[in-house]
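Below is one structure; the comments refer to it alone.
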Amino acid sequence: MEYSEWAPYYARIRVQLGLPFDREEEALAGLKRVLPPAATERPLERVGRKLTGREVVVVGLAPGAGPPPLWRRPAGEEPLAVVAADGATATCLTAGIVPDVVVTDLDGPIPAEVAANQRGSLVVVHAHGDNQGAVAEWVPQFPGELVGSWAGPPTSGIIDVGGFTDGDRAVFLAEHVRARRILLWGFDFSRVDETDRAIRTRKRVKLAWAARLVGALAREGHVPISMWARDGTLSSYPTGMDEATTR
């Protein structure tokens, strides 16, 4: 999805969730200050080396999902490229899976993401208005290959290909660099394990947007997107989404 297609979604999300754009710009400036120069060199090209033309599994952190069952792949098939969305990085590492790419806004188990980066994962660090402190603290501690991202207009050296939460942003990234197919593992857009009512309500709104955005990408994008169930079956991601859930 190009920025011109993503921007209307982003504008509606910012209005609904009250995300001041000046905070987003401040976060971008902070990310640029701490990224090493190599991180801003041909970022999409470097992501593409990991994912373009490959079958990609994007790993989420749905309750009880666990790691993707890569062992179900038929013998002789090309290994799946693994993209871990934030907290799913720790799940992958525990199972002995080093993600090809990690997509994070640094609100999960960051030491696991640093460890994955040290072991070869390319880490895409996303800047937004609420994570400026984490960006300043943690980005300098990543020892390996980095890319920066944000949700605003195109800017030199920073990825901005759409997506709002870590999970759907990872899907947008894989689609943008033309993965051959995208499998979603550990995605649950309806369940929220949170006791605080206000936080739970806000998370539900975010998940509703994530579900709708992936649906739009499945409908309008160039790469087939499938849900990978625990029993090993695949089903096409539903392209319809109730508009009322994101109003």
Item checked: Test result for Leu31, in contact with a helix residue (DSSP H, G or I) (Cβ under 8 Å, 6 or more places away or on another chain), under 20 Å from Asp105 (Cα atoms), of a type in the set (A, V, I, L, M, F, W, C) and not in a helix (DSSP H, G or I) -> no
Note to self: Is it the case, given these coordinates, that Leu28 is in contact with a Phe, Trp or Tyr (Cβ under 9 Å, 6 or more places away or on another chain) and at pLDDT 95 or above?
What the structure shows: yes
Checklist line | Residue list for region 192-209, filter: within 20 Å of Thr91 (Cβ to Cβ), surrounded by 12 or more Cβ atoms within 10 Å (Cβ to Cβ) and modelled with pLDDT under 85 | finding: Val192, Glu194, Lys203
Checklist line | Residues of region 144-162 that turn out to be surrounded by 19 or more Cβ atoms within 10 Å (Cβ to Cβ) and either in contact with a Pro (Cβ under 6 Å, 6 or more places away or on another chain) or at positive phi (or both), as a count | finding: 4
Item checked: Odd one out for Phe164, checked against (1) within 16 Å of Tyr237 (Cα to Cα); (2) part of a loop (DSSP other than H, G, I, E, B) -> (1)
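For (1) touching a residue at least 12 places away in the same chain (Cβ under 8 Å); (2) of a type outside the set (Val, Ile, Thr); (3) buried (at least 16 other Cβ atoms within 10 Å of the Cβ), each residue gets a yes or a no:
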site	(1), (2), (3)
Thr94	yes, no, no
Pro99	yes, yes, yes
Val102	yes, no, yes
Pro111	no, yes, no
Gln118	yes, yes, no
Gln132	yes, yes, yes
Notebook entry, point to check: In the list Val123, Val47, Val114, Val135, which residue meets the criterion of being outside any helix (DSSP H, G or I) and hydrophobic (A, V, I, L, M, F, W, C)?
Noted result: Val123
Check: Would you call Val83 among the hydrophobic types (A, V, I, L, M, F, W, C), part of a strand (DSSP E or B), surrounded by 21 or more Cβ atoms within 10 Å (Cβ to Cβ) and at negative phi?
Finding: yes
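The values are calculated or read from the model by the stated rules, or taken from the named source; none is laboratory data. Remember, predicted model here, so these are calculated numbers, not experimental data. All Cβ positions, even for glycine, are placed from backbone atoms using ideal geometry, and neighbour counts span all protein chains on display.
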